[in-house]
1. Which of the listed residues, 69, 86, 98, is farthest toward the dipole's positive end in the range 59-104, when Lys, Arg count +1 and Asp, Glu count -1 at the beta-carbon?
2. Run the dipole for the chain about the Cα centre, Lys and Arg Cβ at +1, Asp and Glu Cβ at -1, nothing else charged, and hand back the magnitude in debye, nearest 20.
3. Please sort 97-109, 6-18 by packing, taking for each peptide the average over its residues of neighbouring beta carbons within 10 angstrom, highest first.
4. If you take Cα Rg over 2.2 N^0.38 Å from the coordinates, which of [x] 0.95; [y] 1.82; [z] 1.27 do you get?
5. Could you work out [θ]222 nm for the chain from helices alone, using -39500 (n - 2.57) per DSSP H run of at least four and dividing by all its residues? Round to the nearest 500 deg cm²/dmol.
6. With angles folded into 0 to 90 degrees, how steeply does helix 2-16 sit against the dominant principal axis of the chain? Use alpha carbons for both and round to 10.
7. If each of residue 111 and residue 59 carries a label point 7 Å out from its Cα toward its Cβ, how far apart are those two points in nm?
8. Label-point separation (nm) for residue 12 and residue 83, each offset 7 Å from Cα along Cα-to-Cβ?
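Read the figures in this text as sums done on the coordinates, not as results from a lab. Everything numeric in this text was worked out from a predicted model, so none of it was measured. Note that we place each Cβ from the backbone using ideal geometry, even for glycine, and neighbour counts take in every protein chain shown.
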Amino acid sequence: MKKLVLGLIVAALVTLGLVGAPSAQADPYPGTVAVAAPAVVKAKPGKKAKIVLTPASGNLTPTGQATVVCKASGKAKVKSKGTLDASGAVKTGKLAKGKWTCKVTFAGSGIYKSSTATVKVKVK
């Protein structure tokens, strides 16, 4: 009988939240997931290359602003800034034929932290 009464008292205290382990809550964790870009992208001369950003973990599509700065082997430099589209892609400026190295800087938004990725673009 003592165990039954004690069990009822403990159940009442736990139900009222007066005793027990704190409940786990899901916080938004702002800026915790990095964004990455593919190693190599192909494009055609005089066209814009499309670089798709993907989260390092998870399956949501990142949204927000990204800046792309592309440099060729010479001193050629192309800059562009834009909002990621529905697929998480940002476009470069128009690129001439050759090999380009593009630095994509993602500003971060929501759960995605700001990050930078380097992408090689082959234009032929």
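1. Checking the options against the dipole of the range 59-104, the answer is 98.
2. Working: 21 positive and 2 negative charges, 289 e Å.
Computed about the Cα centre, the dipole is about 1380 debye.
3. Peptide ranking by packing, descending: 97-109, 6-18.
4. Computed from these coordinates, Cα Rg over 2.2 N^0.38 Å corresponds to label [y].
5. Mean residue ellipticity, 222 nm, calculated: -4000 deg cm²/dmol.
6. So the helix axis and the longest Cα principal axis differ by about 40 degrees.
7. With each label placed 7 Å out from Cα toward Cβ, I get 1.3 nm.
8. The modelled label-to-label distance comes out at 5.7 nm.
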